[in-house]
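K.L.:
The structure follows.
Any read-out appearing in this document is the output of simple, stated calculations on the displayed coordinates, not a laboratory observation. Since the structure is predicted, the reported quantities are computational estimates derived from the model, not experimental observations. Reconstructed Cβ throughout: ideal geometry from the backbone, glycine too, with neighbour counts over all protein chains shown.
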Amino acid sequence: MKLTIIGYWGAYPEQGSATSCFLLEKEGFSCLIDCGSGALSRLPSFTQIMELDAVILSHYHHDHIADIGVLQYSWLVQNSIHQTSQILPIYGHAEDQEAFQKLTHQFTKGIAYDPNQKLRVGPFELTFLKTNHPVPCYAMRITDGQHKIVYTADTSYMDGLIPFSKGADLLLTECSFYEDQDGTNAGHLNSKQCAEIAKRAEVNEMILSHHPHFGDRRQLIHQSMKYFDGPVLLAEEGLVWQSY
Ligand SMILES: [Zn+2]
Ligand SMILES: [Zn+2]
């Protein structure tokens, strides 16, 4: 499976970039994990919008869903231009009914996932874990039957992430703060905590995403590498991770 970083900022996008959005592909099937602000303008560099087969959302904070509305408009316009009626499934949890209902539009269909059940989407099987965050939010373990990616979504440190991430080929983790900062009250991780999860879960590789808008972000890498021996990458647009 192939993961491409589309957006990697927390909170809001800096000029010419996007907040959390990841393109996951395998054997012609492609889906978005989260769809943050700016995602729709960055995505055409990597795929056609109408080529998407599904969208899966971790939670309903703006930096993860801001472009769902314009994604719905793009499907409306493109279906009209091509005289088609393709429907895009958008998976989200149903714990916030008002937000969940908005996933359904003329050519998109909101589908509630049950976080206690496995979810099959195309060639992928997903398992969920509720995170520590101010609103209901789910980390995802995604497998194609051979390899395993764990996406922490937004969360403060929790021990449950370690068994959940155990042995993952890739840990795609939020990293909102530097190691000397405590993100617990905000519901976020710092660089040291990301590394500790990666180390204890014995993952192969880690990508740090959901970046802060302050400080020198390269320090996130240096700080993580003090505590985790494996490769650490800083998310950037177009960064590709591929399983072999
Ligand atoms: Zn966020
Ligand atoms: Zn959030």
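K.L.:
For a quick check of your reading: which helices (runs of 4 or more DSSP H) sit entirely within the stretch 44-152 and have at least 2 residues that are within 14 Å of ligand 2 (Cβ to nearest atom)?
P.N.:
62-65
K.L.:
Mind counting the residues in the stretch 12-63 that are crowded, with 24+ Cβ neighbours inside 10 Å and acidic (Asp, Glu)?
P.N.:
Total satisfying the criteria: 1.
Rundown of residues vs (1) touching an Asp or Glu at 6+ places or on another chain (Cβ under 7 Å); (2) buried (at least 18 other Cβ atoms within 10 Å of the Cβ); (3) of a type outside the set (A, V, I, L, M, F, W, C), yes/no style:
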site	(1), (2), (3)
Lys199	no, no, yes
Glu202	no, no, yes
Ser209	yes, yes, yes
Phe214	no, no, no
Leu220	no, yes, no
Val240	no, no, no
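K.L.:
For the stretch 56-86, what are the residues that are among the polar types (S, T, N, Q) and touching a His at 6+ places or on another chain (Cβ under 9 Å)?
P.N.:
Ser58, Gln72
K.L.:
Which residues, counting only those in the stretch 176-201, are in contact (Cβ under 8 Å) with a residue 60 or more places away in the chain and hydrophobic (A, V, I, L, M, F, W, C)? Steps first, please.
P.N.:
Of the residues in the stretch 176-201, the ones in contact (Cβ under 8 Å) with a residue 60 or more places away in the chain are 176, 188.
Selection gives nothing.
K.L.:
Which residue is farthest from ligand 1 (Cβ to nearest atom), if the candidates are limited to the stretch 20-33 and must be within 23 Å of Asn79 (Cβ to Cβ) and touching a helix residue (DSSP H, G or I) at 6+ places or on another chain (Cβ under 8 Å)?
P.N.:
Ser30
K.L.:
Any idea which of Leu129, Leu88 is more than 16 Å from ligand 1 (Cβ to nearest atom) and either over 25 Å from Ala198 (Cα atoms) or surrounded by fewer than 20 Cβ atoms within 10 Å (Cβ to Cβ) (or both)?
P.N.:
Leu88
K.L.:
Just checking, does the stretch 45-66 include any residue being more than 18 Å from Tyr151 (Cα to Cα), of a type in the set (Ser, Thr, Tyr), away from ligand 1 (no atom under 16 Å from the Cβ) and in contact (Cβ under 8 Å) with a residue 12 or more places away in the chain?
P.N.:
yes
K.L.:
Here's something else I'd like to know. Name the residue, out of Arg200, Arg217, that is of a type outside the set (Phe, Trp, Tyr) and either closer than 30 Å to Pro44 by Cβ or touching a Cys at 6+ places or on another chain (Cβ under 8 Å) (or both).
P.N.:
Arg217
K.L.:
Still on this structure, please answer the following. Give the residues of the stretch 43-54 that are closer than 16 Å to Ala18 by Cα and in contact with a helix residue (DSSP H, G or I) (Cβ under 8 Å, 6 or more places away or on another chain), sorted by residue number. Can you show your working first?
P.N.:
Narrowing the stretch 43-54 to residues closer than 16 Å to Ala18 by Cα: 43-47, 49.
Passing the criteria: Leu43, Ile49.
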